[in-house]
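The values are calculated or read from the model by the stated rules, or taken from the named source; none is laboratory data. Owing to the predicted nature of the structure, the values given are computational and were not obtained by experimental measurement. Glycine gets a Cβ as well: all are built from the backbone with ideal geometry, and neighbour counts include every protein chain shown. Accessible surface is based on the protein model in full, side chains and every heavy atom, while ligands, DNA and RNA are left aside. Shrake-Rupley method; radii C 1.70, N 1.55, O 1.52, S 1.80 Å.
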Amino acid sequence: MFLTSEPIRLGVAGLGRAFVLMLRTFQNDPRVKLVAAAAPRAESRAAFEAEFGGRGYSCVEEMAEDPEVEAVYIATPHQMHAEHVAIFAAAGKHILVDKPLSVTMEDADMMVEAARSAGVHLIVGPSHSFDPSVLHARQIIESGEFGAVRMVQAFNYTDFLYRPRRPEELRTEEGGGVLFSQGVHQIDIVRLLCGGRAKSVTAMTGVWDPERPTEGAYSALLDFEAGSFASVTYSGYAHFDSDIWMDNVAELGGMKDPANYGEARRALQTLDSAAETKLKATRTYGAGTVPPIAQNNEHFGPILILSDRADLRLRPGGIDIFGDTERQHIEVPLNAAPRKTVIDALEAAVRKNIAPPQTAAWGRASLEVCHAILDSAETGEKIPLTRQCGVEFQEETL
Ligand SMILES: NC(=O)c1ccc[n+]([C@@H]2O[C@H](COP(=O)([O-])OP(=O)(O)OC[C@H]3O[C@@H](n4cnc5c(N)ncnc54)[C@H](O)[C@@H]3O)[C@@H](O)[C@H]2O)c1
């Protein structure tokens, strides 16, 4: 039995890049204590044991039997999420699984059911729908101060496709390309701002580099049951960088140095696929450097919310509000630990039994939109959605 005031005893599955990006959170948020990790590479297990003093396991099944682990953070490749969720749910562990929930809708269905039948919480995160300015905007919308949301626009132009990748990250059918890794952030954000339940999607996608033959760009229009609509546009082709429109703050909160323009493409220029996989491994836990603690909130590109009596522009440091006759700026301060809001959600779920909106059903609904974007681009049709859910903070009886 765990006391509600005790830190959550967390096990980690997968000590790769995603774990590195959560490291500053785990090092600085006293509400979580890392007690175990499952990872196939002995070097990363050794690094974990040296840093956290926990136990390293070579497979997830062994970690699932560890009675000290009460919740797990799953940061393995997308296509393994379903299998790992099934194992940990069956062992009664609460689950934080990195986005996307899964690659296929069949896996997503299985994961919703696995968490429900085991009576454990499943949160899909971190995702940029946990960014402080997005959550603050959601509170402003709920207050009703500026009336109904009418239209949301989200853009992001990055170098995503040219960051070092595992081969399957460039194969759409295995979850590669920008939709499953990046689109899902934008979809989570606009669903949170527009009430969650999208009705249909119309979209086009771009596959423009034969060397990296997966979707590198898309534009999509979503309409929502609540009456609003949202457009989401993304390019990972590493030319224009929309962080220029975000006060030069990069996605993870560090400052962008304009002198580094073009570095992602430059780094790949002479590498074959095997050398690229190796380069990706240098960004993994225990192998490379860890990004310093960020001086700004994370963001996912420019976001505009147009509502009846004001337009809201989200920025890393806060929200600009353009009202009927006045402009104002609301500061959204930096939290002591990065991604504090993800741990807020985990703590509320594990300790108080209150689920955030980003549950397994939520993750499935965002995944449905990813697939609808691909389907619409292929068929030229407007794709109706059937698996959507609303924005609820719910007390659950487990
Ligand atoms: N939210 C974010 O900011 C963010 C950022 C990067 C990645 N991600 C997500 O995290 C997931 C992993 O992506 P990544 O870029 O970290 O990949 P990665 O290749 O860097 O890391 C995956 C890790 O999983 C390990 N692994 C493989 N099989 C395993 C198994 N059976 N048991 C335990 N560990 C196993 C690998 O050794 C590797 O260390 C993806 O779903 C991705 O979408 C999220």
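For the range 72-214, what does the alpha-carbon gyration tensor say about shape, rounded, prolate or oblate, given a ≥ b ≥ c as the root eigenvalues, a/c under 1.5 as rounded, and a/b over b/c as prolate?
Since a/c reaches 1.5 but b/c is at least a/b, the shape of the range 72-214 is classed as oblate.
Among DSSP bridges having both ends in the chain, what percentage is antiparallel? Round to the nearest 5.
Expressed as a percentage, antiparallel bridges in the chain total about 60.
Check Ile8: other-chain or 5+ apart residues with amide H under 5 Å from its amide H, H built from backbone geometry?
Val32, Lys33
So what is the relative contact order of the chain, in percent, for Cα pairs below 8 Å that sit 6 or more residues apart?
Here the relative contact order equals 20 percent.
Considering only DSSP beta bridges whose two residues both sit in the range 129-331, what percent are antiparallel, to the nearest 5?
If we restrict to bridges inside the range 129-331, about 85 percent are antiparallel.
Return the lysines within reach of Lys340: Cα separation strictly under 30 angstrom, same-chain partners fewer than 8 residues apart disregarded; answer none if there are no such residues.
Reachable lysines: Lys33, Lys93, Lys99, Lys256, Lys280, Lys352.
Could you tell me the largest-minus-smallest coordinate of the C-alpha atoms of the chain on each of the three principal axes, in descending order and whole angstroms?
Dimensions of the chain along the principal axes of its Cα atoms: 57, 54, 41 Å.
Just to confirm a number: summing +1 for Lys and Arg and -1 for Asp and Glu over residues other than Gly196 whose beta-carbon lies under 15 angstrom from that of Gly196, what do you get?
Values: positive: Arg138, Arg191, Arg197, Lys199, Arg364, Arg387; negative: Glu142, Asp188, Asp223, Glu225, Glu368, Glu392.
Once positives and negatives cancel, what remains is 0.
Taking only protein heavy atoms and a 1.4 Å probe, what accessible area per residue, in Å², does the chain have with all protein chains in place?
That works out to 43 Å² per residue.
Could you please state how large a percent of the accessible area of the chain is carbon and sulfur, counting protein chains only and using a 1.4 Å probe?
After summing per-atom areas, the C and S share lands at 53 percent.
Taking only the alpha-carbon positions of the range 129-331 and ignoring solvent, what does the Debye formula give for the base-10 log of I(q)/I(0) at q = 0.14 Å⁻¹?
-0.88
Given 0.36 nm per residue, what is the gain on full extension from Ala287 to Glu211 after removing their alpha carbon distance, in nm?
Once the chain is fully extended between Ala287 and Glu211, it gains 24.6 nm.
By average Cβ neighbour count within 10 Å, what is the ranking of 376-389, 194-207 from highest down?
Ranking, from highest mean packing down: 194-207, 376-389.
Using a Förster distance of 25 Å, how high is the FRET efficiency between Asp109 and Asn353, based on the Cβ-Cβ distance and rounded to 0.05?
Efficiency, from the Cβ-Cβ distance: 0.55.
Per residue of the range 119-131, what does 6.51 cos²θ - 1.76 cosθ + 1.60 with θ = phi - 60° give for ³J(HN,Hα)? Whole Hz please, x for Gly and Pro, Karplus curve as stated.
x, 10, 7, 10, 10, 9, x, x, 9, 6, 6, 8, 4
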